[in-house]
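Report on the structure given below.
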Amino acid sequence: MPKLQITKDSVLLQEFDIHAERVTLGRDPENDIRLGDLTVSRRHGQLQRDAGGRYCIENLQGRNGIRLNGKEITQATALTDGDQLQIGVYRLHFHETPEAALLQQNHRNTGSEAIRPNAAAGTLPESAAALPTTVEPVQRKDAPRVAASSTAQAVEVGVLINEANNAIFMLDRDRVVLGNEGQVDIRVPGPERTRATIARHGKYFYLCSETPMPCVSVNGRPVMNARLLYNDHIEIGGRRFIFREI
């Protein structure tokens, strides 16, 4: 299955498995892949599978364009393994598995023996032996609208990125503790054992100072409580972090 690895400032933000015929990219939350920086347009571009089974990248309404391997595209362009896209401040690395390449080859060979069972023997020809006999839908890890059941809910995941060394701290639990000692998830200097917490409520993350006076600032402003937004800059105990969503 093809995949996109999405990076910003050389930090891996997300891996996205591509299984739909069409995948949209942009700043609007309704896109299949949301790229939240202001250098990205609301409906920036799309990946579309063509008749030959290849994925093509196309600019929809991207004011800053889309660059493929350093060159701006002017029309829908097919992707191959190892291609690199640039959309705003993001780089998207396209990877294609050998299985996907086989499926594409057989997709192009319409009417070929490689995709038809051998009626006499009741088996697939040898060239197609590695191909799956059934294809099941694969759910996006971060997409709330594709669910395994009517009661399933998507789990939001955020990350804090240390600005000094690009260390990544996953916010994959309902409560993450920042402090100096004891059972803390992210260690930061300071006199208090617990300095702040980040709580997940639904699809949002909330930062809370656990001290009598604010010990943490967001975008340069001291806060006791704040809902975190994409690309917020957090400072606590002399450490600076950037908040991102996956």
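Full extension of the segment from Thr97 to Arg175, taken as 0.36 nm per residue of separation minus the current Cα-Cα distance, would add 24.4 nm.
Spin-label model, Cys208/Asp17: points 7 Å from Cα along the beta carbon direction are separated by 3.5 nm.
Nearest 0.05, what FRET efficiency do Arg240 and Lys3 give at R0 = 35 Å with Cβ-Cβ as r?
Once rounded, the FRET efficiency stands at 0.70.
Computed over protein heavy atoms with a 1.4 Å probe, the carbon and sulfur contribution to the accessible area of the range 1-58 reaches 44%. Among the GluC sites (Glu not before Pro) found in the range 1-101, those both in a DSSP coil and sparsely packed, with 13 or fewer other Cβ atoms within 10 Å of their Cβ, are Glu21, Glu30.
How high is the relative contact order of the range 23-71, in percent, counting Cα pairs under 8 Å that sit 6 or more residues apart?
Reported relative contact order: 29 percent.
Atom-type composition of the exposed protein surface of the range 199-238 places 55 percent of the accessible area on carbon and sulfur (1.4 angstrom probe).
Could you work out the local net charge near Thr211, counting Lys and Arg as +1, Asp and Glu as -1, over the other residues with Cβ closer than 15 Å to its Cβ?
Numbers: positive: Arg193, Arg195; negative: Glu181, Glu192, Glu210, Glu235.
So the environment of Thr211 carries a net charge of -2.
Fully extending the segment from Gln183 to Leu229, taken as 0.36 nm per residue of separation minus the present Cα-Cα distance, adds 13.9 nm.
What does the C-alpha gyration tensor say about the overall shape of the range 160-221? Classify as rounded when a/c is under 1.5, otherwise prolate if a/b is larger than b/c, or oblate. It would help to have the intermediate numbers written out before the result.
Values: a/c = 1.25, a/b = 1.13, b/c = 1.11.
Cα axes put the range 160-221 in the rounded bin.
The values are calculated or read from the model by the stated rules, or taken from the named source; none is laboratory data. Being a predicted model, the structure only gives us computed values, none of them experimental. Ideal geometry is used to build each Cβ from the backbone, glycine not excepted, and the neighbour counts take in all protein chains shown. Note: areas computed on protein heavy atoms with side chains; ligands, DNA, RNA excluded. Shrake-Rupley method; radii C 1.70, N 1.55, O 1.52, S 1.80 Å.
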